Amino acid sequence: MAKKSIFELDLVRIAKWHRRSALVVWVLVFTWIGMILTSMNSIAVPEMISFLVTIVYLLSLVLGMVFVVILQHACGASAIELVFYSLLTLLLSFLMMIATLSRAGTILTLAGVKPGFVGIKGDDLDRLQPGHCRGCGYSREGIEILQACPECERVPQVI
């Protein structure tokens with residue numbers, strides 16, 4: 001399929017979808033700001049508002065992907081390019097989640113547990129609880145601070 005020249009494109013359609021896409025981008029920006037503000041501990045926000053901000057964000061993300069595909073189609077993109085742009089639009093939004101998961105995974109690994117594809121195992125969750133042995137998860141209640149664990153004989157590290 002040959003590329004269309006600028007004279008063969010429906011510029012009115014492009015302009016309309018450009019405006020709609022720009023509005024979605026602004027909605028995304030404002031929902032990002034709203035999500036940041038609602039996630040801060042210093043601001044008391046009802047859960048319903050936080051839930052609504054998340055729903056608006058997800059809807060904006062889906063609309064953004066649809067609008068990108070429509071706008072690219074209006075600009076004369078091929079079917080392969082449309083698939084590429086739609087996937088790229090979805091994947092870029094997940095970069096922050098991937099970066100956050102990577103950071104959390106590093107912290108959990110340094111804490112002594114091994115995160116998998118779906119998080120940590122239930123057995124490892126006990127090891128992260130305050131007052132439990134980091135080696136086996138045994139409750140250290142009633143045991144002196146530097147005394148070895150009676151289950152695994154691990155001596156707690158003092159930093």
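Values in this text are rule-based calculations from the coordinates and carry no lab data. Remember, it's a predicted structure, so these values are computed and weren't measured experimentally. Cβ atoms come from the backbone with ideal geometry, glycine included; neighbour counts cover every protein chain shown.
What the table below lists for this structure:
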| read-out | value |
| --- | --- |
| Alpha-carbon spread of the stretch 11-93, three principal axes, descending order, Å | 48, 25, 16 |
| Virtual spin-label span in nm between residue 102 and residue 129, 7 Å along Cα→Cβ | 3.3 |
| Calculated FRET value between residue 111 and residue 55, using beta carbons and R₀ = 22 Å, to 0.05 | 0.10 |
| 5 angstrom amide H check on residue 132, placed H, neighbours 5+ away | 140 |
